[in-house]
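See below for the structure under consideration.
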Amino acid sequence: MRDRFKEWKVPKIEHGKLTEYNWVVQNPDGLKLGYKTDIGAFTYINAKNGVTLEDEVQIGSHCSIYSVSTIDDKEAPVVLKKNCRIGSHSTVMPGVTIGENAVIGAHSFINKDIPANTVAFGVPAKVVKKAD
């Protein structure tokens, strides 16, 4: 992955509009985008209460990241630490921090913090082992 991003640059991000990579952000002023982040197509990010994606974070396609939830009226920042990876079709809820180098399996629902250097998946996501 590292060589793939030799010429990485911050994409133009406008409220509610697809980026050139076909992902969308609501409230982009609340988004902190790290260096060499990789966000898959059709991912939705609501950064109303802050979303931080640290360096080299990888997010699969069709994911949803919410810093606000109208279902349970929860509002809190989301933090994805350096080099964590989120599988396609996963959902990250408000107030969650996913630790450095953590790996989240596809189709997971993350509603609690995931520690660094672990592998987690499921609905809700649960840690299943230490990452290699």
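All of the numbers you see were taken from the coordinates with simple rules; none came from a lab. From a predicted model like this one, the values you see are computed outputs, not experimental measurements. Cβ coordinates were reconstructed from backbone atoms using ideal geometry, including for glycine residues, and neighbour counts include every protein chain displayed.
Pairwise over distinct Cα atoms, reciprocal of the mean inverse distance: report the Kirkwood radius of region 1-70 in Å, one decimal place. It is 12.2 Å. With the gyration tensor restricted to C-alpha atoms of the chain, the semi-axes of the equivalent ellipsoid amount to 21, 19, 12 Å, longest first.
Computed from the alpha carbon atoms alone, the convex hull of region 37-108 holds 68 Å³ per residue.
Here the 3J(HN,Hα) profile of region 65-82, calculated from phi with Karplus coefficients 6.51, -1.76 and 1.60 at θ = phi - 60°, is 10, 10, 9, 8, 10, 7, 5, 10, 6, 8, 9, 6, x, 10, 10, 10, 6, 3 Hz, Gly and Pro shown as x.
Separation of region 59-115 from region 1-42 is 16 Å, based on Cα centroids.
Annotation: the residues HIS15, HIS89, sorted from fewest to most other C-beta atoms within 10 Å of their own C-beta, follow the order HIS15, HIS89.
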